[in-house]
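Below is one structure; the comments refer to it alone.
The values are calculated or read from the model by the stated rules, or taken from the named source; none is laboratory data. Since the model is a prediction, treat every value here as computed from it, not as a measurement. When we count neighbours, we look across all protein chains shown, and the Cβ atoms used for this are built from the backbone with ideal geometry, even at glycine. These area figures cover heavy atoms from the full protein model, side chains too; ligands, DNA and RNA do not enter into them. Shrake-Rupley method; radii C 1.70, N 1.55, O 1.52, S 1.80 Å.
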Amino acid sequence: MRKQRGAEVFRITGARQSLADDVRGRQRRYVIAMLVRTLSVIAAAALWNVERYVAVVALVLGVLLPYVAVVIANAGRENAPGLPDAYVPSGLKALPSGSYELPPAAGRESAGARSEGTAPSA
């Protein structure tokens, strides 16, 4: 297989999660928020004559939570912070520029022979 010059290279660590997983996660957070809202409204109704302050707090939570849940559910996809960019330009070199000496290989004429573009050993 030949390497294509100028081909795009992608890092898998920079890949976002799939759209299906993202939607499933947002739906799960919304359902959990709505369950908490339902429980808080039931708690407000049950505690109204017993502990009015707790009932009012539960009722406020039950009123405000749908707005917060919808905003969170519709937030959309975002890249995870701290991950590297997914695209790596193909012109980058793995080794720093400069000269280096190749290790001796079998079949070379002498141990002191140098390859073209290498620095002499010390």
Open item on the list: Restricting to the range 32-54, give me the number of residues that are in contact (Cβ under 8 Å) with a residue 24 or more places away in the chain and open to solvent by 80 Å² or more (accessible area, probe 1.4 Å).
Closed with: 1
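Is one or more of the residues making up the range 21-34 more than 25 Å from the chain's Cα centre (by Cα) and at pLDDT 90 or above?
Taking the range 21-34 and keeping what is more than 25 Å from the chain's Cα centre (by Cα), we get 34.
With the extra rule that they be at pLDDT 90 or above, the set shrinks to 34.
Yes.
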TODO: Would you check if Ala44 is closer than 20 Å to Ala75 by Cβ, touching a Leu at 6+ places or on another chain (Cβ under 8 Å) and modelled with pLDDT of 80 or more?
DONE: no
